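Novice: Can you read through this structure? Questions will come right after.
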Amino acid sequence: AQSVTQLDSQVPVFEEAPVELRCNYSSSVSVYLFWYVQYPNQGLQLLLKYLSGSTLVKGINGFEAEFNKSQTSFHLRKPSVHISDTAEYFCAVTFSNDYKLSFGAGTTVTVRA
Amino acid sequence: DTAVSQTPKYLVTQMGNDKSIKCEQNLGHDTMYWYKQDSKKFLKIMFSYNNKELIINETVPNRFSPKSPDKAHLNLHINSLELGDSAVYFCASSQGTPGGRTQYFGPGTRLLVL
């Protein structure tokens, strides 16, 4: 069975500073990896996903993530955050014959002016 | 032009009552899901239907019963509500073979059991 660990529960960051959210996964088979964002009182929205190919994945709103198979990680980065990036961020994993998404516990990002 | 919609958005009810939450998607997807998000924001899959067939049924009390009348709708009925059922329930949908498909989420139904 696969599982996902988000290493930071809360990340405070100043506006225009860079941010990195860490995600590690464990699985004995190949996985597909996702980052979702949840703005306050809203549903989840896909930021980006890794299926195969280039290990650097670019998503919406200036976010990108790097898949590292040897370190079993899929960290999310943004070089310069805005106040509007304040949200909950979820890393999730699934594999090729599974409909189920397994989510990490989430990272709360609070951007301050 | 909402993709995945849920009704109601908020639900406040007494312990012991029975309630239903409805979900509709207009994306033409063939798979729908129910997730529960607890007070610590942890998300867990509850059920999934593919072409109206139940394909995921996690360890959920049998007071929870999903129903999919057609591919565009997935409802969740909860009997004998308990305090611990208070949570946000999200519906989602996806299309095609499993694995790498993006799941599209609804806005959530915030259930409070008093």
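The values are calculated or read from the model by the stated rules, or taken from the named source; none is laboratory data. As the structure is a computational prediction, the values presented were derived from the model and not from experiment. When we count neighbours, we look across all protein chains shown, and the Cβ atoms used for this are built from the backbone with ideal geometry, even at glycine. Areas reflect the complete protein model, heavy atoms only, side chains present, ligands, DNA and RNA absent. Shrake-Rupley method; radii C 1.70, N 1.55, O 1.52, S 1.80 Å.
Novice: Along the Cα→Cβ direction, 7 angstrom out, place labels at residue A:17 and residue B:2. What is the inter-label distance in nm?
Specialist: Going from the residue A:17 label point to the residue B:2 one covers 3.7 nm.
Novice: First obtain the Kirkwood hydrodynamic radius of the protein assembly as shown from its Cα pairs, then insert it into the Stokes-Einstein equation at 37 °C and 0.692 mPa s, and state the resulting D in µm² per second as a whole number. Let's see the in-between values first.
Specialist: Working: Rh = 18.1 Å.
Rounded to a whole number, D works out at 181 µm²/s.
Novice: Additional query: Chain A: longest stretch without exposed GluC sites (Glu not before Pro) (DSSP loop, at most 16 other Cβ within 10 Å), sites themselves excluded? Don't skip to the answer; put the middle values down first.
Specialist: On the way: sites that count: A:15, A:16.
Longest stretch, sites excluded: A:17-113.
Novice: Okay, next question. Binning at 5 Å from 0, report for chain B what percent of all alpha-carbon pair distances ends up in each bin.
Specialist: It works out to 2, 13, 24, 26, 19, 10, 4, 1, 0, in whole percents.
Novice: What distance in nm separates the simple spin-label points at residue B:114 and residue A:3, each placed 7 Å from Cα in the Cβ direction?
Specialist: 3.9
Novice: Report the residues of the stretch A:1-25 in range of a label on residue A:72: point 7 Å along Cα→C-beta, backbone N strictly under 20 Å from it.
Specialist: A:1-9, A:21-25
Novice: Something else: Using the alpha carbons of the stretch A:1-44, what is the convex hull volume per residue in cubic angstrom, as a whole number?
Specialist: Details: hull volume 5.1 nm³, N = 44.
Given the Cα convex hull of the stretch A:1-44, per-residue volume reads 115 Å³.
Novice: Mind checking how much accessible area A and B bury in total, 1.4 Å probe, in Å² rounded to 100?
Specialist: On the way: alone 6350 and 6540 Å², together 10980 Å².
Summing both sides, the interface buries roughly 1900 Å².
Novice: Here is a follow-up. For the pair residue B:62 and residue A:108, how long in nm is the line joining their label points, each one 7 Å along Cα→Cβ?
Specialist: About 3.9 nm separates the two model spin labels.
Novice: Moving on to the next point. log₁₀ I(q)/I(0) of chain A at q = 0.14, 0.19 Å⁻¹, via Debye over equal Cα point scatterers, no solvent, to two decimals?
Specialist: With no solvent term, the Cα-only Debye profile gives -0.52, -0.94.
Novice: To check you understand DSSP bridge types, tell me what percent of the beta bridges within the stretch A:37-113 (both residues inside) are antiparallel, rounded to 5.
Specialist: Numbers: 17 of 17 bridges.
Antiparallel: roughly 100 percent of the beta bridges in the stretch A:37-113.
Novice: Give a quick list of trypsin sites (Lys or Arg not before Pro) in the stretch A:23-86 that DSSP marks as loop, anything other than H, G, I, E or B, with at most 16 other Cβ atoms within 10 Å.
Specialist: Values: sites: A:49, A:58, A:69, A:77; in loops: A:69.
Passing both the DSSP loop test and the Cβ count: A:69.
Novice: If you project the alpha carbons of the stretch B:1-60 onto the principal axes, what extent comes out on each, in Å, largest first?
Specialist: 35, 30, 24
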